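To keep things clear, I will list the structure first and then write my remarks on it.
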Amino acid sequence: MDYKKLTIRGISYSQTQSGAYALLLEHEESNVKLPVVIGNFEAQSISLGLEKDIHPPRPLTHDLFSKFVLATHFEITSVIIYQIIDGVFFSNINFKNKTTEEELILDARTSDAVAMAVRFDAPIYTTQQVLNEAGILLELDAPSKETDADQQPEPEGNLAALSSEELNKLLEDAVKDEDFDAALEIQEEIKRRKNKID
């Protein structure tokens, strides 16, 4: 089957479902976006998997499962989002044993599959049919300056007023408190400042 490769474009608070987040995946060639509604825990887990330099004090469920996969000499070769039914995405995680070459396919929730894929740097694919049914074309790559300013979240404005020392202290506290959403937001502000200096 001709699978379409997806990249993670971001995670944002869901405007339609309270307490949920939207994981935004994008088909690299067509720029069609695939929004997947996920829970708070999965959003944190995916964010932490993407940010390799933030480590929670205790392993999350996906970290624990990753260690188990490695201990059994398997690796994740890919994740396939193969269908959508009534707004629910269905996915498979594809494993391969590094010793025996044995292949294993497990059914998984899409949020869990993506959380595992980011930990193994495994590619994420979907089908053209899923893109046709659930994909949307958004222009996220070139927002106007006015739109960008209007949509800036309130906490980032507050972070911009803090010194680098204060930001680093906040980051340390957020990781200790396991408030990973705040930690990622603070880290983005620190990265923005570093990029300006460079």
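With the checklist (1) within 22 Å of A43 (Cα to Cα); (2) out of contact with any Lys or Arg (no Cβ under 8 Å at 6 or more places or on another chain); (3) at pLDDT below 75; (4) surrounded by fewer than 18 Cβ atoms within 10 Å (Cβ to Cβ) in hand, flag the one item A142 doesn't pass.
(1)
Suppose the filter is modelled with pLDDT under 95, crowded, with 16+ Cβ neighbours inside 10 Å, out of contact with any strand residue (DSSP E or B) (no Cβ under 6 Å at 6 or more places or on another chain) and assigned to a strand (DSSP E or B); does I11 pass it? Give the steps one after another, and end with the answer.
On the way: modelled with pLDDT under 95: yes; crowded, with 16+ Cβ neighbours inside 10 Å: yes; out of contact with any strand residue (DSSP E or B) (no Cβ under 6 Å at 6 or more places or on another chain): no; assigned to a strand (DSSP E or B): yes.
No; evaluated as a whole, the condition is false for this residue.
Of the residues that make up segment 72-88, is at least one at pLDDT 90 or above, touching a Pro at 6+ places or on another chain (Cβ under 6 Å) and not assigned by the TED database to the domain that holds E185?
Residues of segment 72-88 that are at pLDDT 90 or above, as a first pass: 72-85, 88.
Okay, now just the ones that are also touching a Pro at 6+ places or on another chain (Cβ under 6 Å), so 78.
Subsequent filtering for residues that are not assigned by the TED database to the domain that holds E185 retains 78.
Among the residues of segment 72-88, at least one is at pLDDT 90 or above, touching a Pro at 6+ places or on another chain (Cβ under 6 Å) and not assigned by the TED database to the domain that holds E185, which makes the answer yes.
Can you tell me which residues in segment 85-107 are over 19 Å from D121 (Cα atoms), open to solvent by less than 100 Å² (accessible area, probe 1.4 Å) and not β-branched (V, I, T)?
Of everything in segment 85-107, those that are over 19 Å from D121 (Cα atoms), open to solvent by less than 100 Å² (accessible area, probe 1.4 Å) and not β-branched (V, I, T) turn out to be G87, F89, F90, E102.
If you check G39, G19, which single one turns out to be touching a residue at least 24 places away in the same chain (Cβ under 8 Å) and either open to solvent by less than 70 Å² (accessible area, probe 1.4 Å) or not assigned by the TED database to the domain that holds E185 (or both)?
G39
Residues being farther than 30 Å from E189 by Cα, assigned to a loop (DSSP other than H, G, I, E, B) and open to solvent by less than 70 Å² (accessible area, probe 1.4 Å): count how many of those fall in segment 51-79. Spell out how you get there, then give the answer.
To start, the set of residues in segment 51-79 that are farther than 30 Å from E189 by Cα comprises 65, 67-79.
Next cut, assigned to a loop (DSSP other than H, G, I, E, B) only: 72-73.
If we keep only those that are open to solvent by less than 70 Å² (accessible area, probe 1.4 Å) as well, we get 72.
Qualifying residue count for the region: 1.
Restricting to segment 1-47, give me the number of residues that are small (G, A, S) and in contact with a His (Cβ under 7 Å, 6 or more places away or on another chain). Reasoning before the result, please.
Pass one, segment 1-47, residues small (G, A, S): 10, 12, 14, 18-20, 22, 30, 39, 43, 45, 47.
Now restrict to residues that are in contact with a His (Cβ under 7 Å, 6 or more places away or on another chain): 45.
Count: 1.
The values are calculated or read from the model by the stated rules, or taken from the named source; none is laboratory data. Since this is a predicted model, take the numbers as computed values, not measurements. In this analysis, Cβ positions are derived from the backbone assuming ideal geometry, glycine residues included, and neighbour counts consider all displayed protein chains. Calculation scope for accessible area: heavy atoms of the full protein, side chains included, ligands and nucleic acids excluded. Shrake-Rupley method; radii C 1.70, N 1.55, O 1.52, S 1.80 Å.
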